[in-house]
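Quick notes on the structure that follows.
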Amino acid sequence: MPDSSTEITGVRSHLRVLLRTRRRKVVLAVVVVLVLVAGFGLRLMTVAGSAAGHLQRAATLVGSLEDALRAGDLAAARRTTADLRRQTAEARADTSGVTWGLGRSTPMAGDDLTAVAAVARIVDDLATRVLPPMLDAAGGLQSTLAGGDGLAAVTSAAPELAAADSLVRAAQRRLAGLDRGGLDARVRGAVERLDDALRRVAPMLAPIARAAGLLPAMLGATAPRTYLVLFQNLAEVRATGGMPGAFVVLQADKGAITILQQGAAATDIAEFATPVLPLDPDMEDLHTDRLGRYPADVNLTPDFPTAAALYREMYRLRSGRIVDGVLATDPVALAYLLQATGPVDVAGGPALTGPTAVRRLLSEVYLTIADQKSQDAFFADAARAVFDKLTGVMPSTSKLMPALRKAADERRILAWSAHPEEQAELAGTVFAGTLPDDDGARPTVGVFLNDGTGAKLGYYMTREASLTPGECLEDGSRHLLLTVELASTAPRTGLPRSVLGLGLAGDYTIRTNVMVYLPSGGAPVDATQDGAPVDYGSGFEKGRAVAVFTVDLAPGKSSTLSLNLITGPVPSAGFTPRLVTTPGITPWTLRLQSAERCGK
């Protein structure tokens, strides 16, 4: 029999061989793993560096794109967008591969890599699915305004712009879902910058998409359209701005716009014995039947669709022509446009410029031209000169678009369509000239002015208003304090009768009817004028309670109204109220205070 000690020794020797072999295999496996990890790390670093480089170059191109758009150079904008798309596509590819996907699962860098991948994808979507249709629509509109045939491009861009609007909102939701707390500071900064950019872009896309859908038909792409354009004289105040004095009838045919007729309300429309359309009973109680009888009074109401429909019918009865829609603007909006187009020569006077147009059209014309017929002729010449300028050499879009946007934001460009489907699209836009049907989470107060003097003294009136939230009530409503201050800068002597007008409150005294439209579901409580309790008229319009005050201003005097009111139910978490006002010669001075959470 073999010696047992020998056997034990052999077994030990065999085990040592096995252990050495296994150690070598383990070491080899560890080495292999380390090599693989190192290789993966190097590969991930390479991909990350590539993605970062593409995104940095994309950021530089975005700056160049903004410069091109500000200059109105769409050709340069398209070239830059093509370069941008190449960079964002590469960044998206880098952050969509297997290496990046594995890296996202690591505990140390996973959150950062996930965030960078989200940024790359969103930026690429913006470059490929948002910018191109925007440029197509802008190019089509620019071509149309310059006399070319660009409406087809605008039409084809409309559905893509609607899709782009949905895409941007989805991108906002995706960024909102990222946990930013543990992100590297540089990554977090990139996410926040993109978030800020999306917040600026998102509100623009829906209106642009809506405009792209509306403009081709409204500009006569399928059939000629006719429009009545009202020029509001801000020197004689009305709720939507000023008395509709001069008007122009335009025809749009495949984008080409021509003047069919020019006229004046006083001579070409004149008054009617009875309202031209049935009036809403609440409106008639509030404004009397003058709303439907006098072309100068159709906009005693701030509801532009009502004013437009009434003026359209008045014009139809006098001319026999049925127009497709009504537009309204004022000399301040024209001044903004003249800053983009440059001076306009007008027969019988100096050239109109951005800085001088308001003074010339609302003051000097009455001081230098005595009779109304000659005044009307001057206004007609000025309107045609501005129209010829706008439809002639196309001004830089970098100047024109901000001018249009400023005028629209100040409610100086209003539009109404007689085509129900188009009017439904216009409703709720800055062009609609309406208050919300329901304020929702943001109580809205309207302060609208109507001249009670029968004069052109509105040129000399300044306006201020503030809205301050008060105590919370048990039913979910809240107190608001509205303060309105009006002042007169009119001289005491030297104005002609064409400015002093009927002088219903006495020569040089400005009488103004101040109409306060309360928040939906709201009600007035009490009021003071210059610190003393004051009575006021009341009524309703479009479901809102309305309080009416009369203010008389002698030259150099001011008056302050304070109205304590109650809103309908509002968010207990707080809100910022909205204040809508009649556009004036100069913008109102407005002060809005946000409401804090109830129960704090």
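The values are calculated or read from the model by the stated rules, or taken from the named source; none is laboratory data. Being a predicted model, the structure only gives us computed values, none of them experimental. Positions of Cβ are generated from backbone atoms using ideal geometry, with glycine treated the same way; all protein chains shown enter the neighbour counts. These accessible areas exclude ligands, DNA and RNA; they are computed on the full protein's heavy atoms, side chains included. Shrake-Rupley method; radii C 1.70, N 1.55, O 1.52, S 1.80 Å.
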Can you find, within segment 455-481, the residue that is farthest from the chain's Cα centre (by Cα) among those that are over 20 Å from Thr586 (Cβ atoms) and of a type in the set (A, V, I, L, M)? Leu473
Please work out which residue is farthest from Arg411 (Cα to Cα), limiting yourself to segment 260-278 and to residues that are of a type outside the set (S, T, N, Q) and in contact with a strand residue (DSSP E or B) (Cβ under 6 Å, 6 or more places away or on another chain). Leu260
When you scan segment 365-375, how many residues do you find that are in a helix (DSSP H, G or I) and open to solvent by less than 40 Å² (accessible area, probe 1.4 Å)? 3
Please tell me if Ser498 is polar (S, T, N, Q), touching a helix residue (DSSP H, G or I) at 6+ places or on another chain (Cβ under 7 Å) and not in a loop (DSSP other than H, G, I, E, B). yes
Residue among Leu141, Leu161, Leu205 that is within 22 Å of Leu404 (Cα to Cα), in contact with an Asp or Glu (Cβ under 8 Å, 6 or more places away or on another chain) and surrounded by 14 or more Cβ atoms within 10 Å (Cβ to Cβ): Leu205
If we keep just the residues of segment 313-352 that are crowded, with 20+ Cβ neighbours inside 10 Å and among the small types (Gly, Ala, Ser), which is farthest from the chain's Cα centre (by Cα)? Gly325
Does Leu561 qualify as being of a type in the set (A, V, I, L, M, F, W, C), modelled with pLDDT of 95 or more and in contact with a Phe, Trp or Tyr (Cβ under 8 Å, 6 or more places away or on another chain)? yes
List the helices (runs of 4 or more DSSP H) that sit entirely inside segment 57-129 and contain at least 1 residues that are modelled with pLDDT of 80 or more and out of contact with any Gly (no Cβ under 8 Å at 6 or more places or on another chain). 74-94, 110-125
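Listed here are the residues, each with its yes/no results for (1) surrounded by 17 or more Cβ atoms within 10 Å (Cβ to Cβ); (2) part of a helix (DSSP H, G or I); (3) within 27 Å of the chain's Cα centre (by Cα).
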{"site": "Ser363", "(1), (2), (3)": "yes, yes, no"}
{"site": "Phe379", "(1), (2), (3)": "yes, yes, no"}
{"site": "Phe387", "(1), (2), (3)": "yes, yes, yes"}
{"site": "Gly392", "(1), (2), (3)": "no, no, yes"}
{"site": "Ala408", "(1), (2), (3)": "yes, yes, yes"}
{"site": "Trp416", "(1), (2), (3)": "yes, no, yes"}
{"site": "Glu422", "(1), (2), (3)": "yes, yes, yes"}
How about segment 569-578: which of its residues are surrounded by fewer than 18 Cβ atoms within 10 Å (Cβ to Cβ) and not charged (D, E, K, R)? Pro569, Pro571, Ser572, Ala573, Gly574, Thr576
With the condition being among the hydrophobic types (A, V, I, L, M, F, W, C), at pLDDT below 95 and more than 25 Å from Asp409 (Cβ to Cβ), I'd like the helices (runs of 4 or more DSSP H) fully within segment 279-332 carrying at least 3 qualifying residues. none
Please indicate, with yes or no, whether at least one residue in segment 544-558 is in a loop (DSSP other than H, G, I, E, B), free of Cβ contacts under 8 Å to residues at least 60 places away in the same chain and loosely packed, with under 14 Cβ neighbours inside 10 Å. no
Look at Leu215 and say whether it is in a helix (DSSP H, G or I), hydrophobic (A, V, I, L, M, F, W, C) and open to solvent by 50 Å² or more (accessible area, probe 1.4 Å). yes
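Table: residues versus (1) more than 28 Å from Met204 (Cα to Cα); (2) open to solvent by less than 20 Å² (accessible area, probe 1.4 Å); (3) touching a residue at least 60 places away in the same chain (Cβ under 8 Å).
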residue	(1), (2), (3)
Thr429	no, no, yes
Asp438	no, no, yes
Pro443	no, yes, yes
Gly446	no, yes, yes
Leu457	yes, yes, yes
Leu482	yes, yes, yes
Gly503	yes, yes, no
Gly506	yes, no, no
Just to be sure I understand the filter: pairs with C-beta atoms under 6 Å, separated by 6 or more residues or on different chains, first member in segment 270-296 and more than 13 Å from Ala308 (Cα to Cα), second member of a type in the set (Lys, Arg). Which pairs pass? Glu271/Arg293; Phe272/Arg293; Pro275/Arg293
Here is a check on your reading of the model: is Leu194 open to solvent by less than 20 Å² (accessible area, probe 1.4 Å) and assigned to a helix (DSSP H, G or I)? yes
Can we say Val525 is surrounded by fewer than 16 Cβ atoms within 10 Å (Cβ to Cβ), touching a Leu at 6+ places or on another chain (Cβ under 8 Å) and either β-branched (Val, Ile, Thr) or at pLDDT below 95 (or both)? yes
